[in-house]
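Read the structure below first, then the notes.
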Amino acid sequence: MFSTIFFYAVILVAIWCAYRISVTDFRRRIIPDVYLFPLLLAGLILSAFYAWPCDIKTAAIGAVFGYAMSAIIGVIFDIRLRRRDPNIISPIGMGDIKLLGVGGLWLGTTGLAIALLCACILGGMWSHRKHQKYIPFAPFFVCGGILALIAITFLL
């Protein structure tokens, strides 16, 4: 009984952190660590003790892959953009990189791929409709992560 209550408490903390990350990135263009690290801890607890949504080995591989992939993309963007204008700010920040690492921890590599695909489609549709240059990545990644979590739990 305590185990079930603890499981749902960790899920509620994760939902609250994901909501706050999405709202903060949408409003202020920043992903604060104060919400990101509890989300990381919740994913570690669920993967280690409950093997949900994936086991700890898959979660660790997904976290390393998500962080490394997004860091490499961030460095490539930074190098290419700084050649044109040294004062330009990179389009992918450290918060986005850490968020993809946490997403990989929660979803594993398969779920991370599904979440990224959904996030890119949703973000592209939003940007096309709003005609804005800046696209807040976190709200779309959280929506993609929820869709990937549903797909992993019920379809795969």
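Only the coordinates and a few stated rules stand behind these numbers; no lab work does. Just so we're clear, the structure is a prediction, and the values are computed from it rather than from any experiment. Cβ atoms come from the backbone with ideal geometry, glycine included; neighbour counts cover every protein chain shown.
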Say each of I72 and W52 gets a label point 7 Å from the Cα, pointing the same way as Cα to Cβ; how far apart are those two points in nm? 3.4
Per DSSP, the loop-located chymotrypsin sites (Phe, Trp or Tyr not before Pro) within the range 38-75 having at most 10 other beta carbons within 10 Å are none
Net charge near T110, counting Lys/Arg +1 and Asp/Glu -1 over other residues with Cβ under 15 Å of its Cβ? 0
Rounded if a/c is under 1.5, else prolate if a/b beats b/c, else oblate: with a ≥ b ≥ c from the C-alpha gyration tensor eigenvalues square-rooted, which is the chain? prolate
Quote to one decimal, in nm, the extra length available between L156 and V23 on full extension: 0.36 nm per residue of separation minus the C-alpha distance between them. 44.9 nm
Which whole-number percent is the relative contact order of the range 83-156 (Cα, under 8 Å, 6+ apart)? 36
Gain on full stretching of the segment that runs from V64 to K133 - 0.36 nm per residue minus C-alpha separation: 21.9 nm
Suppose a student asked you for the relative contact order of the range 32-156, using Cα pairs under 8 Å spaced at least 6 residues apart; what percent would you report? 28
Inter-part distance where the range 128-156 and the range 4-52 are each reduced to a Cα centre, Å: 16
Mind pulling the angle between the C-alpha long axis of helix 94-130 and the longest principal axis of the chain? Nearest 10 degrees, somewhere in 0 to 90. 50
Report the extension gain between D33 and M1 in nm, rounded to one decimal, defined as 0.36 nm multiplied by the number of residues separating them, less their alpha carbon distance. 8.3 nm
Of the trypsin sites (Lys or Arg not before Pro) in the range 16-91, those whose Cβ has at most 14 other Cβ within 10 Å and which sit in DSSP loop: R29
On a 0 to 90 degree scale, rounded to 10, what angle separates helix 33-45 from the longest Cα axis of the chain? 40
In nm, spacing of pseudo-spin labels at V13 and R84 (7 Å Cα→C-beta vector): 4.3
Apply the a/c threshold of 1.5 to the C-alpha gyration tensor of the range 53-112 and tell me whether it is rounded, prolate or oblate. prolate
Positive minus negative residues near G145 (Lys, Arg vs Asp, Glu; Cβ under 15 Å): 0
Within a Cβ distance under 14 Å of I21, other residues only, what is the Lys/Arg minus Asp/Glu net charge? +2
Would you list, by chain and number, the lysines whose Cα falls below 22 Å from the Cα of K98, excluding same-chain residues fewer than 8 positions away? K57
Of the candidates G111, L81, S22, the farthest towards the positive dipole end of the chain (Lys/Arg Cβ +1, Asp/Glu Cβ -1, centred on the Cα centre) is L81
